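Here is the structure we will look at.
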Amino acid sequence: MNTIYILWLRQVKRWLRSRTRIIGSLAQPILYLIAFSYGFGPVFQKAGEGNYLQFLAPGIIAMSVLFSALFSGIDIIWDKQFGFLKETLVAPVSRINIMIGRTLGGATTAIFQGVLVLAISFMVGFRIASITALLGALLFIFLIAIFFTALGTAIASLLDDMQGFQMIMNFMVMPLFFLSGALFPSGSFPKTINILSRGDALTYGVDGLRGCLTGLYQFGFAKDFIVLSLLTVIIVSIGSHLFSKIKI
């Protein structure tokens, strides 16, 4: 447990010290919130779908968590290149504990990111269904953060250079985001795209988050929670296995 806490604290401190990284990671969500809500809002409303900002904000919150969580895996590549990971792995502690500590650290920073974007959403006019809804929203933010941090860790465990990691992330991030229904109702997707959307873990995270904050569900709280929880357990197990196979 001491190892998990130390690695968790190291990840959080690294994020807090990087002010440029924090500010830069907020730029895209703010741009999406303002540009999309004011740009597509009138069209969305004329189509009879209501206030677009109410639909959009949960998706942008999930996006900020997704980006921060996935790209936390780059810290593993960095530590590989500069030798810190080797020093950690030769220590007389379980690699599973090391992976859990790093995953929790990356997930914590992603959660901070999501909460910051949620606060910014309030400033631009987003309103939640109830205060108690925040508890359910935080649960889905946590699950999204754990899932994609573990996914980023699993991918980083197989790679040795940052360029390769960034190429894979850039290839994955936008399809995951657009298929999730974060920007558009996934029910309006063509049949083939809808099938792909159902296979995207972020779809259930976005739907659960949107449902908790606004009361608008596509699948329902129980299905979103169960599916995302199961997928999270699976990807954490895969990530733990791949991390334990890293050669030093």
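Since every read-out is calculated from the coordinates, none of them should be taken as a lab result. Since the structure is predicted, the reported quantities are computational estimates derived from the model, not experimental observations. All Cβ positions, glycine included, derive from the backbone under ideal geometry; neighbour counts span all protein chains shown.
Observations on the structure shown:
- In this label model, L26 and M123 are separated by 0.6 nm, measuring between points 7 Å along each Cα→Cβ vector.
- Burial ordering of D79, D224, fewest other beta-carbon atoms within 10 Å first: D79, D224
- For region 146-248, the list of trypsin sites (Lys or Arg not before Pro) that fall in a loop by DSSP and count at most 16 other C-beta atoms within 10 angstrom reads K245, K247.
- Model label points for V233 and F221, set 7 angstrom from Cα along the Cα-to-Cβ axis, are 2.1 nm apart.
- Here the label points at L116 and R95, each 7 Å from Cα along the C-beta direction, are separated by 3.3 nm in the simple model.
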